[in-house]
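The values are calculated or read from the model by the stated rules, or taken from the named source; none is laboratory data. Bear in mind the structure is a predicted one, so any value in this text is a computation, not a measurement. Please note: Cβ atoms are built from the backbone with ideal geometry, for glycine as well, and neighbour counts cover all protein chains shown.
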């Protein structure tokens with residue numbers, strides 16, 4: 001995955017570092033990138049009555065804002081693509097051959113100093129662009145895992161779907177991040193995240209239908225519940241399906257032991273979804289900055305129970321602060 005095009009109609013328009021076919025050098029202004037999940041709305045092209053190709057939907061992206069694995073709170077996670085039958089086979093299914101709608105990939109955001117222009121800009125790209133930096137970063141001892149220690153070069157080769165992005169480490173030169181440059185780095189990152197602010201419901205519907213009057217199905221995806229007592233594992237059903245009720249087995253097997261920390265994660269997700277202060281604009285103003293500080297991104301599902309406890313304490317402190325201001 002390479003660079004993600006900026007969303008059309010962005011109001012803030014962060015300043016992005018442009019990767020070209022000629023190597024350009026930069027110095028990271030943060031020790032590591034901020035990572036977010038981004039959904040793809042694939043372009044759709046059909047053949048018209050004139051025999052010529054006609055694009056009925058343009059490519060777009062939408063940041064995933066779900067706070068649980070079930071996709072609750074995120075439109076692309078809980079919406080079926082109304083033009084799915086018009087997609088090419090590669091866009092219709094995942095690697096397991098199962099249908100997927102609006103697939104998502106990780107996008108990394110890193111404030112950098114453009115060494116050509118001397119300006120703070122945002123390097124925005126996928127795993128391929130960041131591969132060289134990630135390999136170097138993870139090879140360093142923990143105390144030295146800081147991208148700001150080095151200068152880097154970036155370039156691309158190929159075109160369209162064959163485009164390849166590459167980064168390479170350069171010899172470091174003495175470098176000091178001034179308070180002014182630190183403020184600029186914070187600004188370009190904040191504007192970059194704001195550029196990915198989810199569309200309105202109307203804009204999202206127009207984006208996925210190509211402006212056509214098509215029904216948009218947004219099924220609810222509740223978190224999976226434990227099987228009722230007395231039912232065997234074969235009686236559990238996928239969301240939207242009614243399980244067949246069988247008589248209890250004479251000697252049911254002991255239920256499987258859930259992964260360590262799963263109860264803590266489930267409880268944390270339910271608690272987070274119940275906090276209205278962290279939805280809507282509050283997600284960008286309050287939730288995301290705290291998630292980034294404690295997890296390095298906006299996805300907390302890989303956190304250990306201890307990390308989730310620390311994260312919940314930080315979020316609870318923010319809730320107390322917000323509610324005290326309202327009182």
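Structure summary
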{"read-out": "So residue 129, is it closer than 19 Å to residue 113 by Cβ, touching a residue at least 24 places away in the same chain (Cβ under 8 Å), in contact with a strand residue (DSSP E or B) (Cβ under 9 Å, 6 or more places away or on another chain) and assigned to a helix (DSSP H, G or I)", "value": "yes"}
{"read-out": "Only one of 137, 122, 113, 83 that is in contact (Cβ under 8 Å) with a residue 60 or more places away in the chain and out of contact with any strand residue (DSSP E or B) (no Cβ under 8 Å at 6 or more places or on another chain)", "value": "137"}
{"read-out": "Criterion: under 24 Å from residue 182 (Cα atoms) and at pLDDT below 90 - qualifying residue of 14, 66, 70", "value": "14"}
{"read-out": "Enumeration of residues in segment 109-133 that are under 29 Å from residue 180 (Cβ atoms), touching a helix residue (DSSP H, G or I) at 6+ places or on another chain (Cβ under 9 Å) and surrounded by fewer than 20 Cβ atoms within 10 Å (Cβ to Cβ)", "value": "119"}
{"read-out": "Of all residues making up segment 102-126, the number that are assigned to a strand (DSSP E or B) and within 19 Å of the chain's Cα centre (by Cα)", "value": "12"}
